[in-house]
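Below is one structure, written out as structure tokens; comments come after it.
The values are calculated or read from the model by the stated rules, or taken from the named source; none is laboratory data. None of these values were measured; they are calculated from a predicted model. Because the Cβ atoms are built from the backbone with ideal geometry, glycine has one as well, and the counts that use them run over all protein chains shown. Calculation scope for accessible area: heavy atoms of the full protein, side chains included, ligands and nucleic acids excluded. Shrake-Rupley method; radii C 1.70, N 1.55, O 1.52, S 1.80 Å.
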Amino acid sequence: MKKKLTLIMAAALLLSGQLSAQTGQKPLKNPKKMNATEQTEHYTFKLSDQVSRQKVSFKNRYGITLSGDLYLPKNAGTGALPAVAISGPFGAVKEQSSGLYASQMAERGFAAIAFDPSYTGESSGSPRNVSSPEINTEDFSAAVDFLGLQQNIDRNKIGIIGICGFGGFALNATAADKRVKAVATTSLYDMTRLMSKGYNDTVSPEQRTKTLEDLSRQRWKDAENGKPAGGPRNLPEKLNGDEPQFVKEYFDYYRTSRGFHPNSVNSNGAWLVTNPLSFMNMPILTYVKEISPRPMLLIAGERAHSRYFSEDIYKNASEPKELMIIPHAVHVDLYDKTEVIPFDRLESFFRTHLK
């Protein structure tokens with residue numbers, strides 16, 4: 001049971017990378033420890049010379065200070081810009097995939113904010129390395145708060161992009177927050193479904209009960225110790241070769257120079273043992289139909305192990321909606337492969353609907 005839970009958590013947290021055999025990337029050997037300044041300045045992508053980036057911070061409804069990067073087109077002119085709030089993947093930080101997306105969208109004329117979720121990266125919140133379906137949903141709405149207060153942004157033209165596990169939070173936020181005019185997801189994960197039912201809903205009711213019993217007892221251990229226990233590393237220091245394919249793909253991103261960042265839980269750490277508790281009892285996409293009549297764009301790789309999440313949401317959602325399947329792409333191709341990620345379609349989608 002412990003091994004099964006570890007694999008479920010790994011799946012939820014490691015949403016990135018591509019086949020090592022395909023990319024030729026090698027794992028980092030004893031990644032260099034960075035000081036605070038180096039960590040802040042380390043990005044896994046190159047900033048477009050047509051875009052400016054500035055650090056910002058804002059508070060969510062729970063008083064947690066979120067750290068973000070605001071990306072703006074340098075040739076924006078004087079008019080108010082349409083804007084998008086971006087976060088994900090689950091366990092990543094703004095210097096990774098979400099920052100790349102923000103840079104690309106700013107290059108296309110949008111204001112874009114990439115932010116670290118509560119309790120992770122440079123954002124505040126204690127204890128560290130914990131997630132919450134409610135608070136991570138709130139993080140998106142807090143980003144909308146921030147964007148709507150900027151004089152150079154049109155608060156009536158704000159959308160959301162959620163990557164991987166934050167795709168589910170993006171949809172949940174949009175369903176409730178009627179200020180959001182359009183939402184797009186890439187490599188969507190429904191984290192509540194994954195943690196409660198496992199991949200392809202293979203966890204039995206008996207296994208679910210046993211997991212909840214174990215996690216419930218862990219709360220007493222944490223209370224006795226005065227602090228929550230950390231779980232196993234999200235990714236191993238090195239691969240044995242017999243790991244599930246998705247773990248190999250995540251490893252190739254988070255544990256190599258391709259996507260490693262010291263602030264990323266997936267690159268360098270672990271979630272708390274009790275992290276799944278709230279996810280297992282709070283299905284976040286119950287009201288996905290209420291996104292309508294605002295538009296939804298779901299993007300997934302043809303060969304992605306997570307493809308079924310997007311397909312099922314597409315079936316359950318109301319119009320207007322679009323499901324875009326990227327030929328030959330695996331889940332993590334949509335993290336950082338600019339030649340695979342359909343940025344032109346994201347631009348046209350938001351250009352059409354943020355008006």
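Here are the numbers for this structure:
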| quantity | calculated |
| --- | --- |
| Rounded if a/c under 1.5, otherwise prolate or oblate - the stretch 287-355, Cα gyration tensor axes | oblate |
| Global geometry of the stretch 158-203, whether rounded, prolate or oblate, following the gyration tensor of its Cα atoms and the 1.5 cut on a/c | prolate |
| Estimated dipole of the stretch 104-218 in Debye, rounded to 20 [Cβ of Lys and Arg +1, of Asp and Glu -1, Cα centre] | 240 debye |
| Rg over Rh, two decimals, the stretch 38-103 (C-alpha only, Kirkwood Rh) | 0.98 |
| Whole-number Å³ per residue for the convex hull built on Cα positions in the stretch 159-315 | 153 Å³ |
| log₁₀ of I(q)/I(0) at q = 0.07 Å⁻¹ - the chain, Debye sum with one point per alpha carbon | -0.26 |
| Projected-area mean, the stretch 119-161, by convex hull of Cα positions, square nanometres | 3.8 nm² |
| Kyte-Doolittle at least 0.0, axis length at least 20 Å by Cα - qualifying DSSP helices, the chain | 133-148 |
| Most to least packed among 94-102, 162-170, 73-81 [average Cβ atoms within 10 Å] | 162-170, 94-102, 73-81 |
| DSSP beta bridge pairing in the chain, given as percent antiparallel to the nearest 5 | 40 percent |
| Prolate/oblate/rounded label for the stretch 183-235 (Cα gyration tensor, a/c 1.5) | oblate |
| Apportionment of accessible area to carbon and sulfur, the stretch 154-232, percent (1.4 Å) | 49 percent |
| Sequence-distant residues sharing a close amide H with Val51 (under 5 Å, placed H) | Lys74 |
| Accessible-area composition of the stretch 260-350, carbon plus sulfur, in percent [1.4 Å probe] | 52 percent |
| Whole-angstrom Cα spans of the stretch 303-343 along principal axes, big to small | 30, 21, 15 |
| Within the chain: Cβ-based charge dipole about Cα centre, in debye rounded to nearest 20 (Lys, Arg +1; Asp, Glu -1) | 300 debye |
| If the convex hull is drawn through the Cα atoms of the stretch 30-183, its volume per residue in Å³ | 109 Å³ |
| Estimated inter-spin distance, Asp242 and Trp220, nm [label 7 Å along Cα→Cβ] | 3.5 nm |
| Gain in span if fully extended, Ser348 to Leu212, counting 0.36 nm per residue against the direct Cα distance | 44.5 nm |
| Sites matching trypsin sites (Lys or Arg not before Pro) across the stretch 189-296 that sit in DSSP coil, with at most 13 neighbouring C-beta atoms within 10 Å | Lys238 |
| Of His305, Gln245, Ser67, farthest towards positive along the dipole that unit charges on Lys, Arg, Asp, Glu beta carbons give the chain | Ser67 |
| Residues of the chain: accessible area per residue with a 1.4 Å probe, Å² | 42 Å² |
